[in-house]
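To start, the structure under review is shown below, and the notes come after it.
What follows is calculated from the coordinates using simple rules that are stated; it is not laboratory data. Given the structure is predicted, the values throughout are model-derived calculations rather than measurements. Cβ placement follows ideal geometry from the backbone for every residue including glycine, while neighbour counts extend to all protein chains displayed.
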Amino acid sequence: MTASVRRSSLALSIASLLLPVMASAATPKQPWMDTSLTPDQRADLVVAQMTQEEKFRIIRADFGQEHDGIAPPEGALGSAGYTPGIERLGIPAIQETDASLGVTRPGADKSGTISLPAGTVTAGSFDPDIAFAGGAMVGGEARGKGFNVLLAGGVNLVRDPRAGRNFEYVGEDPLLAGTMAGHAVRGVQSKKVISTVKHFVLNDLESGRNTLSSDIDPVALRESDLLAFQIAIATGDPGSVMCSYNRLNGKYTCEDEWLLNGVLKGEWGYKGYVMSDWGSVHSAGPSVMAGLDQQSAGEVFDKEVYFDKPLRAAVAKGEVPQSRLDNMARRILRSMFAKGVIDTPVVPSKVHYADDRKVAQRAAEAGIVLLRNQNNVLPIARNTRSIVVIGGHADKGVLSGGGSSAVADVNGSPIEGLDPQGWPGPMRYHPSAPLDTIKSLAKGKVTFDPGTDVDAAAKLAADADVVVVFATQWAAESMDNAHMVLDGKQDALIAAVAKANPRTVVVLETNGPVVMPWLDSVAGVMEAWYPGSGGGAAIGRLLFGEVSPSGRLPITWPKDESQLPRQTIQGGGLGSKEAPASHVDYNIEGADVGYRWFEKRKLQPLFPFGYGLTYTNFAYSDFETTVDASGRPAARFTLRNTGKTEGAEVAQLYVTAPGETSRLAGWRKVWLKPGESRRVEIVADPLTVARFDAKANHWRVAAGTYDVRVGSSATKTEGHADVKLPESVLP
Ligand code: BGC
């Protein structure tokens, strides 16, 4: 994807937002408008009436925005993709936009939208309702802006803290990621907007993503990245799945017959359509016969519009049967019926930004993680005499990641001109300034210092009662960071400030874990990731204990890069001159991603997966395990809030098969008032107990003795027992 394309201005008039509203009532001429029929029946009826030309049109989208001086197609809203409607049949246009965190490039009105916090934050909430609410918020804004397909549902596993799109994804564990992405998709689609899940599959690094082959043993793939998709699809039933840029074991995913026809549509019974990523199609016949149903913006991003002339030729020659072309159109229409975009056509409408900002803020409050809190430096007492806030543009806003998912906030950009300004920039901040909330909550003096002069900042910090230093690390689509470090000289700034005043709290706004050479010298650390349009308010409220921190790490926090499966990322770093790898060997860790890798290698991370502090304490007691009639293990225990404030515990169930590493099998987030206790049960998800049996091609639980453990993180055990499980095969 070229910089110029991504930088294109959107030159459409408001008038183009006023799409024709299609009729949705059944008539003798349009029997498919009968809502009592199934989506399958309705799609069949439409396909039977479509001309060959109409079929060839619906299976490709054009780039929906102006690029390289070429105007967008008529009727397009100025975003990622557009396919004209078929007015005579009552089928509306397809209007596609990015993405998981919010509506990007929102068309002609250019007014901006609201951004959720990073997917890492939503994942860290360990709360499916938060994921659903976020999806519903973005889905509602998409609909309000006139879009009916949202390119959301990013569920690639975080295998490397430096990977550029970690902020779009939902952590390292397949059950957590699949569950949270699935609920986000449900939220989007509750607004009658089709959601994707993406990028199918193993697009886990950005460097060389268009050519790189992700190499992995198929069983390890089933038990890791594919499992995340399997769970997300089963939970969210997305209308579409987006195949990825990369190759999988040498084959482009968008022409991988095993992956698309075999696993997705065959074994999983997926009934929606597969769309390509923008520039991920390399053929007509092979892609179509492998299971790709729709080409995205091929005229801009692929070598050819394969699904036009080349595909027509392939059909004419009989290389692609007519029935397959019909099936492609049918799958697209089926999702349009099933998700309500035909019965309830999008009509641009008022978006309630203030309400939506609250949704984003609540997500941030639920998922930001408190990593360190020495001597109860937090929460900050409101009557603290003097607070010094330093760095990170905390007086203006909070950092956002870059690339196609970057949202322009409806309240504008508080800082302009930050590099890189071209793709995958511009580097954006959302105008939710932590300093504003800190000032509004503090009764004493609050002073801000930009942190650009280390000595001046340290001098100012010396006299304060509490110091809060904001530190950032930018990341973006299409590149990986070369190292897990903060940008610029921020480590030196933090070290100097902490030396001047040990009551220093660091608030991180990063894409992933970073090294913290100054950790022992600071009193507190809070990881806010990219906290979104309500991020500043959320951070301020968490710092003062207006809301209790309840997020947990959805990614293991390594001490440094030496603990990672791959020490370096070839071609990593913005503008790297090094050629990216042509193959990445994911067999190094296989399915032992994240905490499982650390367990296997007996490595101590800096902070484990599932870890996070609160402003209270919890006690576990009366632990017991059970196995139900279908062989599912479960744990029961009593959880008690032993502290003085309300708070949430995220109790995590890990199951370990004989000779294996442990796997997260379930969790419960439980809010308790001081002194309150509750009996909690967590039942294991069978997919996390079973192994994939490649020979028999099914999931099988081997008979044996399994360790069933409840922990407050991947490494802190609160109770465990051995259970005997019988042999079983999952349906
Ligand atoms: C990204 C997708 C995105 C698409 C459309 C691609 O570069 O990989 O996630 O949906 O662009 O903007």
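K600 label point, 7 Å along Cα→Cβ, cut-off 16 Å on backbone N: hits in the range 665-707?
Under 16 Å, as judged by backbone N against the label point of K600, lie 691-692 of the range 665-707.
In whole Hz and in residue order, list the ³J(HN,Hα) couplings for the range 281-294 that follow from phi through the Karplus curve 6.51 cos²θ - 1.76 cosθ + 1.60, θ = phi - 60°; x for Gly and Pro.
Listing the rounded values in order: 9, 10, 6, 9, x, x, 5, 5, 6, 7, x, 6, 9, 8 Hz.
So how tilted is helix 39-49 from the main axis of the chain? Cα-based, degrees 0 to 90, rounded to 10.
With both axes taken from Cα atoms, the answer is about 40 degrees.
Percent antiparallel among DSSP beta bridges with both residues in the chain, to the nearest 5?
Around 60 percent of the beta bridges assigned by DSSP in the chain are antiparallel ones.
Rounded if a/c is under 1.5, else prolate if a/b is larger than b/c, else oblate: which is the range 480-635, with a ≥ b ≥ c the root eigenvalues of its Cα gyration tensor?
The shape class here is oblate.
Run the numbers on the range 281-435 and let me know its relative contact order in percent, using alpha-carbon pairs under 8 Å that are six or more apart.
Result for the range 281-435 is 15 percent.
So what's the angle, to the nearest 10 degrees on a 0 to 90 scale, between helix 225-236 and the longest Cα principal axis of the chain?
That works out to roughly 80 degrees.
Given 0.36 nm per residue, what is the gain on full extension from E87 to E578 after removing their alpha carbon distance, in nm?
So the chain would gain 171.7 nm between E87 and E578.
If you filter the range 626-731 for GluC sites (Glu not before Pro), then keep DSSP loop positions with at most 15 other Cβ within 10 Å, what is left?
Here the sparse-neighbourhood loop sites are E676, E727.
Give me D455, D409, D463, D560 sorted ascending by neighbouring Cβ count inside 10 Å, so fewest comes first.
Numbers: D455 9, D409 25, D463 13, D560 16.
Going from sparsest to densest Cβ surroundings: D455, D463, D560, D409.
Given R₀ = 51 Å, what would the calculated FRET efficiency be for A25 paired with R382, taking r from the Cβ atoms and rounding to 0.05?
The calculated FRET efficiency here is 0.30.
Which angle between 0 and 90 degrees, to the nearest 10, do you get for helix 174-189 versus the longest principal axis of the chain when only C-alpha atoms count?
The two axes meet at around 60 degrees.
Helix-only mean residue ellipticity at 222 nm, the chain, DSSP H runs n ≥ 4 weighted -39,500 (n - 2.57), per residue, nearest 500. What is it?
Result for the chain: -7000 deg cm²/dmol, rounded to the nearest 500.
Return the distance in nm (one decimal) between the two label points of a simple spin-label model at S521 and T38, each offset 7 Å from Cα along Cα→Cβ.
Output for this residue pair reads 6.7 nm.
In whole percent, what relative contact order does the chain give with Cα contacts below 8 Å and a gap of six or more residues?
The normalised contact order for the chain reaches 14 percent.
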